[in-house]
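The values are calculated or read from the model by the stated rules, or taken from the named source; none is laboratory data. Being a predicted model, the structure only gives us computed values, none of them experimental. For neighbour counting, all protein chains shown are included, and Cβ atoms are generated from backbone atoms with ideal geometry for every residue, glycine included.
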Amino acid sequence: MDNEGESLRLCHFSDLHYSPGHLAESDRCFGFAVEHAIETGCEVAVVSGDSTDHRLDAHTPALAALARRIHQLSSHMPVVMLQGTFSHEPPGTLDIFGLIGERHRVYVADRIHQVALCGGTFVPSVGAVFTAAKLQQLIVDEGEPEVVFTCVPTVNKAVLASAVGVTLAPTALGDHLSAYLEAAGVVNQQLRRMGVRTVGISHGTVNGCQTEHGVPMAGFDHEFTIGALFEANCDAFMLGHIHRAQQWEREGRVVAYPGSIGRFHYGELGDKGYLKWEVSAGRASASLVPTPARETVCLDFDGPPDMERLAAMAEEAAGKFVRLRWTVDEEHRQVIDREAITALFGKSADLKLEARVLPAVRSRAEGISRETSVPEKLARWGELTAVDTNPLLERLTMLQTLDAESIVERVLAHLDVGDASSQLNSVADVPEASPPTANGGDKPRQPATPAEKSGMDWLTDDLFADASA
Ligand SMILES: [Mn+2]
């Protein structure tokens, strides 16, 4: 049959991230998408990587749920599943899906190669691309393919690094992939001339694309440039990995990410969904069909949350997933009533409270560290605390210039002088030291130390005070 002008309807899902934690979100959204694709007459399905979120045991309900959806799809159309990020989808995870096709086959693409879909059968290339001879043979044996896929699953950077060296690996990856895409481009151009549709499938980052948080991905270690992808000469290039839907068009050919099937994190921008593609030789279009992804609301307060504003926001956040963040100084952290806030958002699907407490930073003596000598530091401290530091400076000089014995002698000498003057100054305040005369026959206490003699108290009086001052 001749495909020219006739378009094939493909459904393209990506980043399903099935896991116990995401099961409800993944399955509500992927379930919706699968049913929608079947109802609206899609003919071929593509899952472009990260079907699972991490290593899943065989008995995990999430794995069974995913298998059920793939099985459901395969009762209506052939399915291609591409290997995604290794940490999300350990190599080998997809193998089992190759066994569960119902009326149609489920094809697992876990190496760089091309594969033709001919009358419902997947015929893979032996090497990285089809040779001209093999293509001729294929058409003779099976008839003209409905579509030929160029598959570029996640490349294991560790393997590449061991081959080309760690420093070269990041850029070597891009170089290797663009060399491959160029080679595939030659074959795809041939196919187009024959009127055969060509579709690329890959999982990776296009330099300059935007993440789900609106951050542009710019760097030299990304897998692709948009130019390299168009070099592959595919009518449609179906991408996974980036969770935000976006697309690029050049001369009727389109490269697109559907983004993740559901909303797995707070603050993700834009609609979630799957892409419905119309692909004919030399022309493609993709439109996003939104899935019922959960709605998230992110509230941020610089300071304690305003309860009146929160009450108003809570009304609108009914049924949604709410994340409330605030930043407060340490001394205000007790002001926030978490229970009252939780009560306000009782109608929300979930409430996540995240407090950021700023530690109190007090400068004890500003500028003290800039002074170079101890006397200068002391003087600075005195300035800041309004303390007369002159007496302290005298003592500091003593400590710095005299030995312990001389200091003691000096102090004692002061105290002896003080003994005389204390008769004038201290007697009234220190009754114990007053002459024991008319005290009803009590035995007079004998002053035992110079301090007691001078009427001073070891605990409270300044024994070093200059008594003559
Ligand atoms: Mn992903």
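Remarks
- Extreme residue, nearest to the chain's Cα centre (by Cα), among residues of segment 365-395 that are β-branched (V, I, T) and in a helix (DSSP H, G or I): I368
- Out of R55, R69, sole residue that is in contact with a helix residue (DSSP H, G or I) (Cβ under 8 Å, 6 or more places away or on another chain) and in contact (Cβ under 8 Å) with a residue 40 or more places away in the chain: R69
- Some residue of segment 326-337 being β-branched (V, I, T), in a loop (DSSP other than H, G, I, E, B) and under 30 Å from T296 (Cβ atoms): yes
- Subset of segment 266-288 that is among the aliphatic types (A, V, I, L, M) and buried (at least 17 other Cβ atoms within 10 Å of the Cβ) - its residue that is farthest from N233 (Cα to Cα): L288
- Test: V187 is surrounded by 24 or more Cβ atoms within 10 Å (Cβ to Cβ) and at pLDDT 95 or above: no
- Under the condition of being in contact with a Pro (Cβ under 9 Å, 6 or more places away or on another chain) and either loosely packed, with under 13 Cβ neighbours inside 10 Å or free of Cβ contacts under 8 Å to residues at least 12 places away in the same chain (or both), the residues counted in segment 326-345 number 2.
- Strands (runs of 3 or more DSSP E) enclosed by segment 179-294 - at least 1 residues per element that are more than 16 Å from the ligand (Cβ to nearest atom) and under 30 Å from L353 (Cα atoms): 283-290
- Residues that are surrounded by fewer than 17 Cβ atoms within 10 Å (Cβ to Cβ), over 22 Å from M194 (Cβ atoms) and more than 30 Å from the chain's Cα centre (by Cα) occur in segment 47-68; there is at least one.
- Comparison of A163, A128 shows that the only residue that is over 26 Å from the mean Cα position of the chain (by Cα), in the same structural domain as A184 (by TED's automatic domain parsing) and under 15 Å from A109 (Cα atoms) is A128.
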